[in-house]
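Everything on this sheet refers to the single structure shown next.
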Amino acid sequence: QVQLVESGGGLVQAGGSLRLSCAASGRTFSSYAMGWFRQATGKEREFVAAISWSGSRTYYAASVRGRFTISRDNAKNTMYLQMNSLKPEDTAVYYCGASTGSSGGYSIEDVASWGQGTQVTVSS
């Protein structure tokens, strides 16, 4: 089972940018579809973006499409989330998740491994 560690969170003003990273251990990273999810205080965890094992397919929640970009580097066992034009409503703990099988990486129910999360706070 792959182990995941997120980094890159922080405090940023509205309109600013952040880049999150998700580093994976193990030699099977390239076999997983990967996703970013977030959970705001008092709310359920929700899908943000996902990427297929090869990187050829990406998926985005409507709320972030056009502002966020997901990517991965299988040679470095790392996934990224470039977040631009951040809004206060993007404030949440961001988690990366690894999904196996035929999953596209965007379903919470299919996630086999979770990272510990990284806090993103956007001030107005």
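The values are calculated or read from the model by the stated rules, or taken from the named source; none is laboratory data. If you're wondering where the values come from, they're calculated on a predicted model, not measured in any experiment. For neighbour counting, all protein chains shown are included, and Cβ atoms are generated from backbone atoms with ideal geometry for every residue, glycine included. The accessibility values were calculated without ligands, DNA or RNA, using every heavy atom of the protein model including side chains. Shrake-Rupley method; radii C 1.70, N 1.55, O 1.52, S 1.80 Å.
For the stretch 1-54, the set of residues classified as of a type in the set (S, T, Y) and either open to solvent by 20 Å² or more (accessible area, probe 1.4 Å) or touching a helix residue (DSSP H, G or I) at 6+ places or on another chain (Cβ under 8 Å) (or both) consists of S7, S17, S21, S25, T28, S30, S31, Y32, T41, S54, listed by residue number. Scanning the stretch 92-106 for residues that are buried (at least 19 other Cβ atoms within 10 Å of the Cβ) and of a type in the set (S, T, N, Q) yields S99, S103. Taken as a whole, the structure leaves R57 outside the set of residues that are under 16 Å from V2 (Cβ atoms) and open to solvent by 70 Å² or more (accessible area, probe 1.4 Å).
Filtered by the rule that a residue be in contact (Cβ under 8 Å) with a residue 12 or more places away in the chain, surrounded by fewer than 18 Cβ atoms within 10 Å (Cβ to Cβ) and more than 28 Å from S123 (Cβ to Cβ), the stretch 60-75 gives a lone residue, N74. Checked against the criterion of being closer than 28 Å to S123 by Cα, surrounded by fewer than 14 Cβ atoms within 10 Å (Cβ to Cβ) and over 15 Å from the mean Cα position of the chain (by Cα), the candidates E109, E89 yield just one match: E89.
Summed over the stretch 109-124, the residues that are assigned to a loop (DSSP other than H, G, I, E, B) and either among the small types (G, A, S) or in contact with a Leu (Cβ under 7 Å, 6 or more places away or on another chain) (or both) give a count of 3.
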